[in-house]
Amino acid sequence: MAMTILYPVGKHLYVNLTNQCPCACTFCIRQNGDGAYGSDSLWLSHEPTIDEIRAAFSAWKLSDFTELVFCGYGEPTMALDRLLATAEYAKSLEDCPPIRLNTNGLSDLIHGKKTAYLLEGLVDTVSISLNAGTEQAYMAVTRPKWDNAFAAMQQYAEDCKRFVPQVMFTVVDVIPQAEIEAAQAVADQLGIPLRVRQYEG
């Protein structure tokens, strides 16, 4: 069975490493079908090996893209070792564009240790799903496995600032305006830009 490991979204090449995720966000695109952004199915028949991921790169010309983005039908840091190995491999290829990680920011809880430092030199931008501006709203929208997820996500974001050139928060425009404003306040307090992104249903 063919798997969609790499898929284009405009001038960005996305990397779909895993379908595992410790959250069950109320607006998750996985509830709407098998693919996103016009891609083929992003459900993986198995967790791709690093050899399968490297082989997938051979079908694409990196110079055609402005960014390589770790973002698929799961949380990329669930596959942290393969994420790091893939980023290192991509950086070794000719014309590799800047690398972005789209994440829920819960990598430290997933792995039970600090992990932001591992991104140094491999990832150029980390985009973290803030999702809401208060812990109560965050827990209701994100529905993570851990009770301390809201604080852990913010700590991860702060840690990333030390090791990654660009860090940003995102919220989806389906949440109320009051929550967007509360999220902006959190982002401002941490000195991290906030991007309000359009929901892709």
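The values are calculated or read from the model by the stated rules, or taken from the named source; none is laboratory data. Note that this is a predicted model, so its numbers are computed, not measured. So basically every Cβ, Gly included, is an ideal-geometry build from the backbone, and we count neighbours across all protein chains shown. Note: areas computed on protein heavy atoms with side chains; ligands, DNA, RNA excluded. Shrake-Rupley method; radii C 1.70, N 1.55, O 1.52, S 1.80 Å.
Picking from residues in the stretch 40-61 that are surrounded by fewer than 15 Cβ atoms within 10 Å (Cβ to Cβ) and closer than 13 Å to Leu6 by Cβ, the one that is modelled with the lowest pLDDT is Asp40.
If we keep just the residues of the stretch 141-181 that are of a type in the set (Asp, Glu) and farther than 15 Å from Leu106 by Cα, which is modelled with the highest pLDDT?
Result: Glu181.
Got at least one residue in the stretch 109-129 being out of contact with any Leu (no Cβ under 6 Å at 6 or more places or on another chain), polar (S, T, N, Q) and more than 30 Å from Trp60 (Cβ to Cβ)? No - not one qualifying residue is present in the stretch 109-129. Identify all residues within the stretch 68-97 that are open to solvent by 30 Å² or more (accessible area, probe 1.4 Å) and among the acidic types (Asp, Glu); write none if there are none. Matches in the stretch 68-97: Asp81, Glu88, Glu94, Asp95. Here the condition is being among the acidic types (Asp, Glu), outside any loop (DSSP other than H, G, I, E, B) and either touching a strand residue (DSSP E or B) at 6+ places or on another chain (Cβ under 9 Å) or over 30 Å from Ile180 (Cβ atoms) (or both); of Glu88, Glu94, it holds for Glu88 alone. If you go through the stretch 190-201 and keep only what is modelled with pLDDT of 95 or more and either open to solvent by 20 Å² or more (accessible area, probe 1.4 Å) or among the aromatic types (Phe, Trp, Tyr) (or both), you end up with Leu190, Gly191, Pro193, Leu194.
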